Amino acid sequence: MSDAPRLPGLRPTPPRLLQSAGFRFALLFIAIYSVAASFLVAVLWWATAGALDRQTIASIRTDASTLVERFRESGTPGLVEAIEERLALDAQNETIYLLVAADGRRLAGNLRDWPTAIGEDGTWFRTRIQHDGGVAEARVHRRDLPGLRLLVGRDESERVQLRLLLTEGVAWSLGAVLIFAGLGAALIRRALQARMRPAVATALGIAGGDLSHRVPLSGQGDEFDRLGATMNDMLDRIASLMAGLRGVSDAIAHDLRTPIARARAKLEESLNTAAGEAELRAAMEEGIADLDNISRVFQALLRIAEAEAGARRAAFAPLDLPEVLRDAAEFYEAMAEAHEQRLETDLPEHLAHVVGDRDLLLQAVANLLDNAIKFTPPGGVIRLEARDTGARIEVAVSDSGPGLPPQDRAQALDRFYRADSSRHLPGSGLGLSLVRAVAQLHGGEAVLLDAMPGADPPGLRVVISLAKL
Amino acid sequence: MHWLFSLPVSALAIIPIQAERPLRVTTDGAEYCQTLVLRLAASPNATAELPRFLGEEGRHLCANGRYRAGIAKLRRALRAATAEQRGG
């Protein structure tokens with residue numbers, strides 16, 4: 001017995017067996033199987049016993065109509081003769097007739113007495129008859145004629161025997177059907193339980209805290225394998241996210257500890273050694289600048305988190321992407337010139353179907369241009385392009401810098417990644433993470449390529465593809 | 001063993017019939033044998049081979065108290081006589 005408290009308003013828990021999906025499937029199987037078997041029996045019955053019944057009724061109806069016609073043609077004597085003739089020629093010994101006058105006097109037929117308690121003209125009824133020392137069943141039809149009452153019937157002994165045989169066969173067949181249905185249902189239940197067991201065991205393992213469990217696949221490629229594969233994909237994704245989360249936590253702890261410690265050390269040193277107010281003030285300003293940098297890193301992290309969570313999607317609006325890109329290019333052109341670089345643009349007048357977050361897109365492009373300027377040597381060229389590929393909008397920033405080895409490109413999009421060659425340069429390692437998050441927020445992706453494949457240095461080309469909305 | 005089969009079946013095969021005493025059929029005794037013999041004798045083709053043969057057999061069976069078989073033979077004799085009449 002479970003001691004779990006029952007919440008008010010909730011339905012009582014059904015019995016354990018009924019909670020089993022396997023059992024319910026089995027019940028469904030029995031129901032379908034039984035309906036099919038019943039339908040088959042009904043058809044069989046209708047085609048055999050039913051056909052015999054219909055044949056008997058048709059025969060009696062025709063016979064009665066013929067006798068009524070004979071009465072109209074030849075009167076009572078003709079009708080009497082017709083009945084006697086029919087009885088005399090009945091080699092199968094199955095016909096039943098009785099013709100009585102209005103006063104109850106018997107005129108013809110092979111029944112000794114008029115049955116009691118039968119209906120009016122046109123009535124059909126079944127009765128028992130006694131002949132040859134035995135009792136049989138008969139179906140009888142009553143027709144009334146002017147001054148006369150007529151019964152026409154057929155002995156149904158043989159039909160009753162046949163019906164009994166059929167009923168017997170059907171009863172045993174139904175019994176067999178139920179047994180097979182029960183066996184089939186038990187097999188279905190066992191099979192379902194057997195196929196669900198690996199998934200349940202995996203889920204229990206995960207619930208126990210071990211994320212390494214995966215659903216073993218049977219290789220049959222059926223629904224259970226698809227469910228297992230989907231669960232495994234989901235678990236892989238969760239494991240990857242958790243690893244990413246751990247990495248981010250470690251990176252935050254590692255990358256922010258140093259500037260905080262440095263700022264603290266500077267302030268402490270100034271407090272102890274500052275000769276005058278001016279020196280103390282300068283140290284404090286330096287400390288504030290360090291803390292601003294730390295604050296910017298947190299702001300960038302928050303923006304990435306917002307973009308990844310899709311929280312900014314509500315702010316989406318139609319925008320003129322070339323104009324946004326021109327603004328960014330104008331701002332960074334001066335910076336490129338200061339580094340003796342050239343910033344070229346290849347932007348169309350208009351790009352249709354762009355709906356997005358203007359600020360985030362501007363920030364992403366600014367990050368790319370900032371990176372490009374940072375890594376491109378003096379005299380190098382930086383290029384900003386945008387184009388409509390039909391299905392998507394692509395924005396690309398290329399530079400003639402050292403580029404990025406292919407094996408580092410996947411990591412370069414992670415938070416706080418710094419290539420070895422760039423550790424001496426200022427930066428937080430969050431720029432490309434934001435670019436990727438913004439691209440994904442806009443239904444696209446960010447891809448890193450060689451700007452000039454085969455050249456040395458190859459440069460870097462970052463392509464952001466955006467979905468057309 | 002048969003009762004084992006027929007027991008559940010008889011329960012399933014109940015047919016609603018009138019609950020009065022069985023109606024007595026009159027065409028299964030010596031009296032009806034005699035009626036058929038007379039009817040066969042009056043038939044124009046009673047002397048043809050098949051009707052005559054069947055009629056003799058029927059009379060013999062009826063005389064020995066086997067009314068059901070005798071009546072069946074006499075009816076077949078009458079059918080044969082009728083067929084002869086129609087054919088001839």
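Every number in this text was worked out from the coordinates using simple rules, so none of it is lab data. Predicted model, so just to flag it, every value in this text is computed and none were measured. Cβ: placed from backbone, ideal geometry, glycine included. Neighbour counts: every protein chain shown.
Every pair of different Cα atoms in the stretch A:345-469 enters the Kirkwood calculation, which places the hydrodynamic radius at 14.8 Å. For the stretch A:57-97, the C-alpha radius of gyration divided by 2.2 N^0.38 Å, with N the number of residues, is 1.14. Placing +1 on the Cβ of every Lys and Arg and -1 on the Cβ of every Asp and Glu, with no other charges, gives chain A a dipole of roughly 2320 debye about its Cα centre.
Over chain A, what is the relative contact order in whole percent, taking alpha-carbon pairs under 8 Å and six or more residues apart? That works out to 9 percent.
Remark: the stretch A:274-424 is approximated by an ellipsoid whose semi-axes, taken from the C-alpha gyration tensor as √(5λ), come to 32, 21, 17 Å, largest first.
Spin-label pair A:Leu271-A:Asp113: with each label point 7 Å from Cα along the Cα-Cβ axis, the two points sit 12.9 nm from one another.
Dimensions of the stretch A:207-275 based on its C-alpha atoms, expressed as ranges along the principal axes with the largest first, amount to 80, 20, 12 Å.
Computed over the protein assembly as shown, the alpha-carbon pair-distance distribution with 20 angstrom bins reads 14, 24, 15, 12, 13, 15, 7, 1, 0, each value a whole percent.
Take the stretch B:26-84, drop everything but the C-alpha atoms, weight them equally and run the Debye formula without solvent; then report log10 I(q)/I(0) at 0.14, 0.27 Å⁻¹ to two decimals. Values, matching the q order: -0.29, -0.99. Footprinting exposure proxy ranking of A:Tyr417, A:Tyr332, fewest other C-beta atoms within 10 angstrom first, gives A:Tyr417, A:Tyr332. Considering only Cα atoms, the convex hull volume of the stretch A:49-155 works out to 104 Å³ per residue. Within the stretch A:237-322, the proportion of Cα pairs with more than 20 Å between them is 57 percent. Taking amide H as placed 1.01 Å from N in the peptide plane, the amide H of A:Thr95 sits under 5 Å from that of A:Asp155, each at least 5 places away or on another chain. Remark: relative contact order (the stretch A:312-467) = 22 percent; criterion is Cα-Cα distance under 8 angstrom and separation of 6 or more residues.
Modelling each spin label as a point 7 Å along the Cα-to-Cβ direction, I'd like the A:Ser59/A:Val447 distance in nm, to one decimal. So the label points at A:Ser59 and A:Val447 sit 8.6 nm apart. For the stretch A:147-215, report the % of Cα-Cα distances exceeding 21 Å. That fraction is 65 percent.
Taking a span of 30 Å or more along the helix axis (Cα atoms) and a mean Kyte-Doolittle hydropathy of at least 0.5 as the rule, the DSSP H helices of chain A that qualify are A:21-47, A:157-207. Counting every other Cβ atom within 10 Å of each residue's Cβ, A:Glu349, A:Glu333, A:Glu445 order from fewest to most as A:Glu349, A:Glu445, A:Glu333. Counting, for every residue in A:127-136, the Cβ atoms of other protein chains within 10 Å of its Cβ and taking the mean gives 5.
Ranking A:Ala455, A:Val397, A:Gln440 by how far each Cα lies toward the positive end of the dipole of chain A (charges on Cβ) leaves A:Gln440 at the top. The gain in end-to-end length when the A:Asp144 to A:Gln193 segment is fully stretched comes to 10.7 nm, 0.36 nm per residue minus the alpha carbon separation. Taking 4 °C and 1.567 mPa s as conditions, the stretch A:338-395 diffuses translationally at an estimated 100 µm²/s according to Stokes-Einstein applied to its Kirkwood radius (Cα pairs).
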